[in-house]
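Undergrad: This is the structure I want to talk about, given as structure tokens.
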Amino acid sequence: QVQLVESGGGLVQPGGSLRLSCTASGLIFSKYVMSWHRQAPGKERELVAIISAGGSTNYADSVKGRFTISRDNAKNTVYLQMNSLKNEDTAVYYCKAQIMSYYWGQGTQVTVSS
């Protein structure tokens, strides 16, 4: 079974940082494109950051310069380092693994509040 498990979410104040992790099992992790998406209540799920099997990255304009996606294939884990967090970053963050087919994790809640 393919399983993606996100962790690292929590409550932070504006300007703070969090590092999210997504650990995969049941797949050849190094071959997958990994990405982070987020969904706030009442809003559509949106792509936040993506990293290819070769390590190329892309980011949503809203997070460029603040978030960094990385992967550790030896640990079957993709990370999202989030700095300078804003209230607008509050959402459930989901991990996705894709070659042609794709798999979603269950999400981890990030809440940015003063």
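Undergrad: Using heavy-atom solvent-accessible surface (probe 1.4 Å) with all chains present, what is the largest-first order of Thr68, Thr108?
TA: So the residues, ranked largest to smallest area, are Thr68, Thr108.
Undergrad: Reachable lysines from Lys86, Cα under 28 Å, same-chain residues fewer than 8 places away excluded?
TA: Excluding near neighbours in sequence, the set is Lys43, Lys64, Lys96.
Undergrad: With a 1.4 Å probe and all protein chains left in place, how much accessible area per residue does the chain have, in Å²?
TA: Here the per-residue accessible area is 53 Å².
Undergrad: State which stretch of the chain is the longest one without any exposed trypsin sites (Lys or Arg not before Pro), exposure meaning a DSSP loop state and at most 14 other Cβ atoms within 10 Å.
TA: Looking at the chain, 1-42 is the longest stretch - no exposed trypsin sites (Lys or Arg not before Pro) with at most 14 other Cβ atoms within 10 Å.
Undergrad: With all protein chains present, how much of the accessible area of the chain (probe radius 1.4 Å) comes from carbon and sulfur, to the nearest whole percent?
TA: Carbon plus sulfur share of accessible area: 47 percent.
Undergrad: Could you tell me the ratio Rg/Rh of the chain? Both radii from Cα atoms, Rh via Kirkwood.
TA: With Rg and the Kirkwood Rh in hand, the quotient comes to 0.95.
Undergrad: Once you place label points 7 Å from the Cα toward the Cβ at Ser25 and Asn83, how far apart are they in nm?
TA: Calculated label separation equals 3.3 nm.
The values are calculated or read from the model by the stated rules, or taken from the named source; none is laboratory data. Worth saying up front: this structure is predicted, and the values here are computed from it rather than measured. Positions of Cβ are backbone-derived with ideal geometry, glycine not excepted, and every protein chain shown enters the neighbour counts. Ligands, DNA and RNA are stripped out before the accessible areas are found, and what is left, the full protein with its side chains, is counted by its heavy atoms. Shrake-Rupley method; radii C 1.70, N 1.55, O 1.52, S 1.80 Å.
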